[in-house]
Amino acid sequence: MSASRCAVVTCAWLALLLPFQTASAAGDVWALLQQPGHVVLLRHAKAPGGGNVPPVGDPKNFRLDDCATQRNLSEAGRAQARALGAALQQHGVSFPRVLSSQWCRCLETARLAGTGEPEPFPALNNFFDDRARAPAQIAELKAFLAGVGSGERLLLVTHGVVISGLTGQSVAEGEMLILKLDGTGSFAVAGRIPPP
C-alpha cells in the first residue's frame, strides 16, 4: 500500500474512533465531579461585555450591593446557566457546598444552575479592573484550597481572570475546570467541561 493511501486509511480510522474517545473522555470528566477531593471552578455564564468585546469589564462606579450597576447575565447567559444545571442533574452531580464571587452574575449563575444558595466568598471576586489585587487574592484562594479536606467536593463560581490567575488556563463563559487536590495545597487540572 502506498504511503498516501496508508495516510488516508489511518485518517479514516481516526475519524471513526474520535467520537468514541471524546465521549469516553467526557464521561470520565463528568465522573470526576462525583468524587471527593475535586474542586470545580465555574466561570459565570454569558454576560455582555466580557472577553475582548467593548465595553469590557464592569461599568465605572459599579456597586456590589446593586446588581443594576454591574455587568449582568444576558438572556442567553440565563439560559446557559439553566442548561448547565440540567446537565449537572442529568449526570447526577450535586455539590454539598457552593462558594461564589460576590458579583451578581456569579451568584445568579449558581442559583439558576440549581446548585443551591451560594455562599459569597470574596477570594473569588473579580479583579479585572484592579490587577494589583491579583497576587494577594490568588494567594488567599490557594491558602483556602490547601485547607479543603480530601473528602470534600466544592463548586466555586467565579470570573475568567480569577481562574486564569489561579490555574494559568483560560475558560469560556459557562465552562467548568476541574481541579484535583493533592492534600498538600497543590492541585492539578484534571479536566474541563465546555459550556452547554
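Going through the stretch 146-159 one residue at a time, which ones are farther than 16 Å from Phe95 by Cα, out of contact with any Gly (no Cβ under 7 Å at 6 or more places or on another chain) and at pLDDT below 95?
Passing the criteria: only Gly147.
Output the residues belonging to the stretch 111-135 that are touching a residue at least 60 places away in the same chain (Cβ under 8 Å) and part of a helix (DSSP H, G or I).
Correct list: Leu112 only.
Taking the criterion of being part of a helix (DSSP H, G or I), β-branched (Val, Ile, Thr), assigned by TED's automatic domain parsing to the domain that holds Val157 and more than 30 Å from Gln35 (Cα to Cα), would at least one residue in the stretch 60-71 satisfy it?
The answer is yes, given that some residue of the stretch 60-71 is part of a helix (DSSP H, G or I), β-branched (Val, Ile, Thr), assigned by TED's automatic domain parsing to the domain that holds Val157 and more than 30 Å from Gln35 (Cα to Cα).
So for the stretch 78-89 (the condition being modelled with pLDDT of 60 or more, touching a helix residue (DSSP H, G or I) at 6+ places or on another chain (Cβ under 6 Å) and either not assigned by TED's automatic domain parsing to the domain that holds Glu175 or not in a helix (DSSP H, G or I) (or both)), does at least one residue qualify?
No, that holds for no residue.
Out of everything in the stretch 136-168 that is in a loop (DSSP other than H, G, I, E, B) and exposed (fewer than 13 other Cβ atoms within 10 Å of the Cβ), what residue ends up being nearest to the chain's Cα centre (by Cα)?
Selected residue: Gly168.
The values are calculated or read from the model by the stated rules, or taken from the named source; none is laboratory data. Bear in mind that the values here come from a model prediction, so they are computed numbers and not experimental data. Here Cβ is always computed from backbone atoms with ideal geometry, including for glycine, and neighbour counts include all displayed protein chains.
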